[in-house]
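Colleague: First, the structure itself, so that you have it in front of you.
The values are calculated or read from the model by the stated rules, or taken from the named source; none is laboratory data. Here the structure is a predicted model, which is why all the values come from computation and not from measurement. All Cβ positions, glycine included, derive from the backbone under ideal geometry; neighbour counts span all protein chains shown. Surface accessibility is based on the protein's heavy atoms, side chains included, excluding ligands, DNA and RNA. Shrake-Rupley method; radii C 1.70, N 1.55, O 1.52, S 1.80 Å.
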Amino acid sequence: TGCTPAVQTTSPYRYCDATATTTLLAQDDLVIYGDVTPDIVWNNFAGPTNVQEVDNPSPDAVNSTAKCISMNRPKETGGSDEIGWPWEGALSESFNVPNIAEYNSISMLVKKPYPGKVCLELQSPSGGSSMIYAEYTATDDSWQKLTFPIINVSGLGATGLTKILVEIHREDENNNDDFEDCIMYADEITLHKAIIAGKLYENGKPYEEK
């Protein structure tokens, strides 16, 4: 089918279907954790992560919010609940997004002193989940925005998104002599219907470029 450019937009990409052209605007974003969502409760997952909401330790241009969540990320030396696992992190069951399939990506701000893999696991009450990853490459311990494509949420079922597990550093540090126990931070979890990595996505597939 043919496509026409969306009106009043500077994006070089087009949202296309057989019948309509849509302009993607800022209101397509939905912040599900951040300063505007005071009722989200976080708990430890799979280890002594000591998850808590704290003051933003270093507000900057990337993240100027007042609060964020912190979690202790210890070095694993045996894989027990007392020591920690690569997948330990923060779990919240405070979400209610039945229309999760309408969103194309999810972003999160992270701050951590070690590079490594970050994981978001989207879950439903029945246990259905969609696990998505990103590589964290910054090494300067500053806030960084990670954006994950939402590829397949069919496993979440009719209830949609109700739980999120943040695995802040999904790495096995048994053989990393340089790794020290540290505090890592996460903030501003946001669903998007718009642009990820310079392209528009629907169900994980890029739209046709102009």
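Colleague: Say whether the condition of being modelled with pLDDT under 90, closer than 19 Å to Glu88 by Cβ, of a type outside the set (A, V, I, L, M) and within 17 Å of the chain's Cα centre (by Cα) is met by at least one residue in segment 179-191.
Modeller: No, segment 179-191 contains no residue that is modelled with pLDDT under 90, closer than 19 Å to Glu88 by Cβ, of a type outside the set (A, V, I, L, M) and within 17 Å of the chain's Cα centre (by Cα).
Colleague: Turning to a different aspect of this structure: Is it true that Lys163 is of a type in the set (Lys, Arg) and surrounded by 19 or more Cβ atoms within 10 Å (Cβ to Cβ)?
Modeller: Considered against the rule, which asks whether it is of a type in the set (Lys, Arg) and surrounded by 19 or more Cβ atoms within 10 Å (Cβ to Cβ), Lys163 comes out as no.
Colleague: Moving on. Could you tell me whether any residue of segment 88-95 is within 23 Å of Asp172 (Cα to Cα), open to solvent by 30 Å² or more (accessible area, probe 1.4 Å), modelled with pLDDT under 95 and in a loop (DSSP other than H, G, I, E, B)?
Modeller: no
Colleague: Let me ask another. Has segment 3-15 got at least one residue that is touching a strand residue (DSSP E or B) at 6+ places or on another chain (Cβ under 7 Å), assigned to a loop (DSSP other than H, G, I, E, B), modelled with pLDDT of 75 or more and among the hydrophobic types (A, V, I, L, M, F, W, C)?
Modeller: no
Colleague: Still on this structure: For segment 96-111, does any single residue satisfy the condition of being open to solvent by 10 Å² or more (accessible area, probe 1.4 Å) and within 17 Å of Arg73 (Cβ to Cβ)?
Modeller: Yes, the conditions are met somewhere in segment 96-111.
Colleague: I've got another one for you. May I ask you to list the residues in segment 33-63 that are within 25 Å of Pro86 (Cβ to Cβ) and hydroxyl-bearing (Ser, Thr, Tyr)?
Modeller: If the condition is that a residue be within 25 Å of Pro86 (Cβ to Cβ) and hydroxyl-bearing (Ser, Thr, Tyr), then Tyr33, Thr49 are the ones that fit.
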